[in-house]
Structure formats: C-alpha cells, structure tokens
Amino acid sequence: MFKAAVVAEVGAACGGYYVFHSLNTSADTRRWYAANFPGVLNAFGTTLGNLGLELPQDLVDFQASQQAPAPGPATATAPVVEAKK
C-alpha cells in the first residue's frame with residue numbers, strides 16, 4: 001500500500017511538471033488550454049505573475065482579454081419614493 005501511494009505521488013508530481021513545462025514553453029499548448037480550459041490558463045498566468053516571472057506575450061494578451069470591463073455609471077436608477085405630508 002505504501003509503495004502504491006509513493007508511486008501515485010511521484011506520478012502526480014511528474015505530470016504536474018509536464019503540464020507546467022508545456023504551458024510555459026509551448027504557444028500551441030497555451031492556445032489549446034485557452035480554447036478548452038481558459039480558467040486553467042488564467043490561473044497559470046496569475047500564478048506566474050504573482051511569482052514575479054515574465055509572462056509570454058500571448059499569455060499577457062489572453063489575460064487582458066479575460067478581464068471584465070470596468071463598471072461604468074449605473075444606467076438604471078432606484079425609484080424615487082416621495083415622503084407623505
């Protein structure tokens with residue numbers, strides 16, 4: 001049982017490194033993740049940015065496209081209630 005747990009943990013670590021390396025070095029992989037799993041790619045870019053690492057330009061462009069527009073002035077106003085005299 002212990003050997004199976006060690007093998008599973010080593011396999012997960014190797015798989016995680018493979019995904020990190022492919023996202024970090026391959027624009028094709030980043031395009032595939034952008035089309036199929038945009039949340040993963042956004043989290044990857046945010047993590048790299050928080051670590052102070054330089055992001056590839058296509059990842060910078062992807063993150064900029066994912067940002068929600070800044071809220072503008074409200075178009076609908078609350079109804080005005082007049083006080084009774």
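Values quoted throughout were computed directly from the atomic coordinates according to the rules given, and no laboratory measurement underlies them. Note that this is a predicted model, so its numbers are computed, not measured. Every residue, glycine among them, receives a Cβ derived from its backbone with ideal geometry; neighbour counts consider all protein chains shown.
Pairs of Cα atoms in the range 27-66 fall into 5 Å distance bins, from 0 up to the last occupied one, in shares of 6, 27, 39, 22, 6, 0 percent. Applied to the range 7-20, the Karplus parametrisation 6.51 cos²θ - 1.76 cosθ + 1.60 on θ = phi - 60° returns per-residue 3J(HN,Hα) values of 4, 5, 5, 5, x, 5, 5, 5, x, x, 5, 4, 5, 4 Hz, with x for Gly and Pro.
Protection proxy ranking for 16-23, 46-53, using the average of other Cβ atoms within 10 Å per residue and placing the highest first: 16-23, 46-53. Net charge in the neighbourhood of Val60 (other residues with Cβ under 13 Å of its Cβ; Lys, Arg +1, Asp, Glu -1) is -2.
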